[in-house]
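**Q** Following this message is one structure expressed as structure tokens.
The values are calculated or read from the model by the stated rules, or taken from the named source; none is laboratory data. Keep in mind it's a predicted model, so treat the numbers as computed, not measured. As a convention, Cβ positions derive from the backbone with ideal geometry for all residues, glycine included, and neighbour counts pool all protein chains shown.
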Amino acid sequence: MPSMETLPIILPLGEVNQKHEGYPSGSMVDYACDQDGSPILAVSSLAVHSKNLSGNPKCSLLVAKDPADRTDITITIYGDALPVSEDDRDGVRTAYLRRHPDAFWVTFWLIFGDFHFVHIKPKFVRYVSGVATALLGSGEFSAEEYKAGQVDPISQFSNPITSHMNRDHAEDTKLIVQHSTSVKVDSTYMLDVDSLVSM
């Protein structure tokens, strides 16, 4: 799996609607990750999702490398959105600004009290393998498994590798596919690259 830090920045946040009790609500949010890999959000006290989260901290964050690509894996992190303590605030602010260097409101508005940080403490993570779900599977893993996960050392270079292969080595890629599958193909297009792990 790619690092959470390399995935898109603005993604849907689901929370329980406080005005219409019991119904889920959704918002688009920016996020970054703390040192444990837990998502952190800078939220305005004026936003509906802030009010929903203060009424019920249970929420989910849908993460996808390319939200428009329905064939790729998506993960949903389920957890509790809890306020960041004063002791952790500077470290969280640094992590957030590293991900969002233009987030001026984090520098100024937090001083005036309108924005505050929350971190989503994962309870479990669900993944779906896109259109290949039946073949590759879907499932879930625990918060402990999520925290113990390692960033795939190859996936972070997927875009430059696939761009290069598609641009400069399309014929070679076609030969690899034909050799590996014994199926004659007219053309190939490399979508993604990651590590192969033997179990």
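**Q** Residue 135 fails exactly one of the following numbered conditions: (1) at pLDDT below 80; (2) out of contact with any Pro (no Cβ under 8 Å at 6 or more places or on another chain); (3) part of a loop (DSSP other than H, G, I, E, B). What is the number of that condition?
**A** For residue 135, the exception is condition (3).
**Q** Answer with yes or no whether residue 2 is part of a loop (DSSP other than H, G, I, E, B) and either at pLDDT below 80 or under 18 Å from residue 115 (Cβ atoms) (or both).
**A** So residue 2 passes the test.
**Q** OK, next. Hey, does region 96-105 have a residue that's touching a Gly at 6+ places or on another chain (Cβ under 9 Å), at pLDDT 80 or above and part of a loop (DSSP other than H, G, I, E, B)?
**A** no
This table checks each residue for (1) within 27 Å of residue 102 (Cβ to Cβ); (2) not β-branched (Val, Ile, Thr).
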residue	(1), (2)
24	no, yes
29	yes, no
37	yes, yes
40	yes, no
47	yes, yes
53	yes, yes
67	yes, yes
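**Q** When you scan region 31-42, do you find a residue that is among the hydrophobic types (A, V, I, L, M, F, W, C) and farther than 27 Å from residue 194 by Cβ, even just one?
**A** yes
**Q** What's the number of the only condition in (1) surrounded by fewer than 18 Cβ atoms within 10 Å (Cβ to Cβ); (2) free of Cβ contacts under 8 Å to residues at least 24 places away in the same chain that residue 27 fails to meet?
**A** (1)
**Q** Identify the single condition in (1) exposed (fewer than 15 other Cβ atoms within 10 Å of the Cβ); (2) touching a helix residue (DSSP H, G or I) at 6+ places or on another chain (Cβ under 9 Å) that residue 68 does not satisfy, given that it satisfies every other one.
**A** Here residue 68 clears every test but (2).
**Q** Moving to a separate point now. Filter region 144-199 for residues that are among the β-branched types (Val, Ile, Thr) and either in contact with a His (Cβ under 8 Å, 6 or more places away or on another chain) or assigned to a loop (DSSP other than H, G, I, E, B) (or both); which is modelled with the lowest pLDDT?
**A** The selected residue is 197.
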